[in-house]
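Everything on this sheet refers to the single structure shown next.
Derivation of every value follows stated rules applied to the coordinates shown; laboratory data play no part. Note that the structure is predicted; figures quoted are calculated from it, not measured. For neighbour counting, all protein chains shown are included, and Cβ atoms are generated from backbone atoms with ideal geometry for every residue, glycine included.
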Amino acid sequence: MSAEGPGAERRGRRSQTPERGGDAAGPPGPELLKALARLDELLQTIGHSRAAEVAAASALAELDLQAFWRAIDTNAWWAGAGSLAAETLAENPGLSAADWELAVREFRELLAEIGEALMDRGAANPGISSWVLAFRNWNASGV
């Protein structure tokens, strides 16, 4: 356990471990792949229009590493109102209020994990750090 206490890494202190994000030229770590797979499942479950995009990006991890890293570090995922990150603010598509709240919290958590892995690599989209901070704060405060 670090001097910062349990969960410090998840609250924002980042490490450079290959298990989380992978090195700059290498494959993604297992935690990142797991987060991407779960994000794909979640988006499919709620019928989200961007599920196929997440699945396609994930598939690139085994086909073309450079294309994989570019796909998940793009403005389409992290910049502005049309980004995947902004989709966490979307209207409820018809789930119960409780189910929608759980889905949004998980959506935010998964994107925060993916964003942190990208930041760990050192070549992240400029919008990522703001989204990760917002997602962590919103989930911690129950927004």
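Assorted remarks:
- Against the criterion of being in contact (Cβ under 8 Å) with a residue 40 or more places away in the chain, more than 28 Å from Phe68 (Cα to Cα) and hydrophobic (A, V, I, L, M, F, W, C), Leu110 does not qualify.
- Filtering region 107-116 for residues that are surrounded by fewer than 20 Cβ atoms within 10 Å (Cβ to Cβ) and of a type in the set (Val, Ile, Thr) leaves an empty set.
- Every residue from region 59-102 that is touching a Ser or Thr at 6+ places or on another chain (Cβ under 7 Å) and polar (S, T, N, Q): Asn75
- Put simply, of Ala51, Ala57 the only residue that is surrounded by 17 or more Cβ atoms within 10 Å (Cβ to Cβ), free of Cβ contacts under 8 Å to residues at least 12 places away in the same chain and of a type in the set (A, V, I, L, M, F, W, C) is Ala51.
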